[in-house]
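Let me begin by presenting the structure, written as structure tokens, before commenting on it.
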Amino acid sequence: MLSGWLDWQRQTVRLKCADLSDADARRQILPETSPQMTIAWLVYHLTSVELGWFVRSFLGEPTRSTPSLSEPLSVLLDAYEAQCEISRQIVADHDLDELERWAPEGLPLVSLRWILGHVIEETARHLGHLDILRELTDGRRGY
């Protein structure tokens, strides 16, 4: 059930970016916010979230590089989907009660179930940001 919910969130990220130009994906629509608050940056960040939690924290492996933020949106989306597939495989191969192998100093190790719940929460939060930015960009709403 958790994996299915996360997959729905992940798929909706792609839908929010459908038919969007690279220029619009990089446009800072809300000038009062961080210059990073763009559609392209959110996709880039979500890739790092998947990589950081499932590969770095859970498996304890060094993180690999992700495409540069300057890459076209299509490349950023492909990298996100590829990282999501790696995350799916990690979840499929491990028990949800298994603890991560790495955590920042001073923090307790958490289970794969906790990580899955956290990534759902973080993806959903940023999906809300994507929803707002997309509607302000061109009026497109919905899933």
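The values are calculated or read from the model by the stated rules, or taken from the named source; none is laboratory data. All values derive from a computational prediction rather than experimental measurement. Positions of Cβ are generated from backbone atoms using ideal geometry, with glycine treated the same way; all protein chains shown enter the neighbour counts.
Assorted remarks:
- When restricted to residues that are exposed (fewer than 13 other Cβ atoms within 10 Å of the Cβ) and either in contact with a strand residue (DSSP E or B) (Cβ under 6 Å, 6 or more places away or on another chain) or at pLDDT below 95 (or both), the stretch 31-67 contains 10.
- All positions within the stretch 97-109 that are surrounded by 11 or more Cβ atoms within 10 Å (Cβ to Cβ) and either more than 16 Å from GLU50 (Cα to Cα) or free of Cβ contacts under 8 Å to residues at least 12 places away in the same chain (or both): GLU98, LEU99, LEU109
- Identity of the residue in the stretch 1-30, more than 16 Å from VAL119 (Cβ to Cβ) and either touching a Pro at 6+ places or on another chain (Cβ under 9 Å) or among the aromatic types (Phe, Trp, Tyr) (or both), that ends up surrounded by the most Cβ atoms within 10 Å (Cβ to Cβ): ALA25
- Residue under evaluation THR137, criteria (1) within 16 Å of the chain's Cα centre (by Cα); (2) assigned to a helix (DSSP H, G or I); (3) farther than 24 Å from TRP5 by Cα, criterion not met: (1)
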